[in-house]
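Report on one structure; see the data block that follows.
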Ligand code: DX5
Ligand code: ZN
């Protein structure tokens, strides 16, 4: 299983985003956290930032929508240059339609689950997505502590994915560092989002490689 590293720009320097991105060259995805102050108690960035990032880097943009009414914004985020658009299962009762809209807009659809959301929520749409995102903290803020109980859930979702016979990424997001990443990968994750671990030090590029290396099979 190929491990992909997705630095989250939430912990980067927003006044120097181009420089921050330059500092993580070699990453597989760039994770962009979109928060609306409703679905989560925090506000971050929107389509204009995605559009500017698209011009700045060739790294695929992994856009994580933590917003209410995501269906209203899919076209905007697709047009801005998103590669993956992930919506929360808890944010809409029309998940099937939204996933189809993301696919029709030319992007890879992803579905995200908060720590308290059961895996049964993905059962009837799993065949339509390219990625499942398991929140390993409660969404809204960077720098939180990994919730150990989510490991069981990662394992469950890996089994669900394997049963489809499709190549679907299993992404983990929140509290990922060189201690928790191997736990998540062992349970079946293959895409690691990391914000504070990568950006809150003076060697982000080394942190990207360290994360990849600690997850290599022994
Ligand atoms: C939290 C966001 C994460 C956040 C992770 O709601 O979805 O992507 O940036 O930050 P760390 O890696 O610091 O826990
Ligand atoms: Zn995220």
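The values are calculated or read from the model by the stated rules, or taken from the named source; none is laboratory data. Here the structure is a predicted model, which means the values were calculated and not measured. Cβ: placed from backbone, ideal geometry, glycine included. Neighbour counts: every protein chain shown.
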Could you tell me which numbered condition residue 201 fails, if it satisfies all but one of (1) in a loop (DSSP other than H, G, I, E, B); (2) at pLDDT 95 or above?
(2)
Take the residues of the stretch 171-187 that are surrounded by fewer than 23 Cβ atoms within 10 Å (Cβ to Cβ) and not in a helix (DSSP H, G or I): which is nearest to ligand 1 (Cβ to nearest atom)?
177
Looking at the stretch 139-161 only, could you name the residues that are free of Cβ contacts under 8 Å to residues at least 40 places away in the same chain and farther than 16 Å from residue 110 by Cα?
144, 145, 146, 147, 148, 149, 150, 151, 152, 155, 156, 159
Among the residues in the stretch 114-124, are any under 23 Å from residue 77 (Cβ atoms), surrounded by fewer than 19 Cβ atoms within 10 Å (Cβ to Cβ) and more than 16 Å from ligand 2 (Cβ to nearest atom)?
yes
For the stretch 180-191, indicate whether the set of residues that are touching a helix residue (DSSP H, G or I) at 6+ places or on another chain (Cβ under 6 Å) and either closer than 26 Å to residue 17 by Cβ or free of Cβ contacts under 8 Å to residues at least 12 places away in the same chain (or both) is non-empty.
yes
Taking residue 162, is it modelled with pLDDT of 95 or more, more than 16 Å from the chain's Cα centre (by Cα) and in a helix (DSSP H, G or I)?
yes
When restricted to 141, 199, 146, the only residue farther than 24 Å from residue 87 by Cα and within 16 Å of ligand 2 (Cβ to nearest atom) is 199
Please specify each residue of the stretch 118-137 satisfying the condition of being more than 17 Å from residue 187 (Cα to Cα), touching a helix residue (DSSP H, G or I) at 6+ places or on another chain (Cβ under 9 Å) and in a helix (DSSP H, G or I).
121, 122, 126, 127, 128
